[in-house]
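K.L.:
First, the structure itself, so that you have it in front of you.
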Amino acid sequence: MLIYKIMTADAWSEFQRKGRFTGAPIDLTDGYIHFSTAQQAQETAAKHFAGQKDLWLVWGEAPADAALKWEVSRGGAEFPHLYRDWSLSEVSGHAALPWTGTTHVFPEGMA
């Protein structure tokens, strides 16, 4: 199963440069990296990133190790949370998330 992370262009550039992602400010505060499933990603963008430009959607297979936990969050749904850094080698794809003025445009075929 693929898991998705929405990140700023700066965070995505730093991730590529360093080869690991320690998390966005909210992730660092909460102690884990927040991810979404394909079905959850658009709602996550609307709720937490509305109006923001220069965003990227980055994804990879859900890690099989114990550091990935599925925990109840928004609306009682389980979200994937990673309790370790995310390695660039675990990323299988990425795409820009353009802002139309009302919504972010996600890659075709998601969800």
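No lab work stands behind these numbers, since they all come straight from the coordinates. Predicted, not measured: the structure shown is a model, and the values here were computed from it. Ideal geometry is used to build each Cβ from the backbone, glycine not excepted, and the neighbour counts take in all protein chains shown.
K.L.:
Got the relative contact order for the stretch 2-97 handy, in percent, Cα pairs under 8 Å and 6 or more residues apart?
P.N.:
Working: 153 pairs, mean separation 38.1, N = 96.
That works out to 40 percent.
K.L.:
Relative to a virtual label point 7 Å from the Cα of A96 in the Cα→beta-carbon direction, which members of the stretch 1-26 show backbone nitrogen distances below 19 Å?
P.N.:
5-17
K.L.:
In addition: What nm value, rounded to one decimal, do you get for the distance between E14 and E108 when each label is placed 7 Å out toward the C-beta?
P.N.:
The answer from the label model is 3.4 nm.
K.L.:
Select from Y83, W56, G23 the residue farthest towards the positive end of the dipole of the stretch 2-97; place +1 on Cβ of Lys and Arg, -1 on Cβ of Asp and Glu, and compute about the Cα centre.
P.N.:
Value computed over the given set: W56.
K.L.:
Then there's this: Mind jotting down the three principal axis lengths of the stretch 2-97 based on Cα atoms? Whole angstrom, largest first.
P.N.:
Between the extreme Cα coordinates on each principal axis of the stretch 2-97 lie 34, 32, 25 Å.
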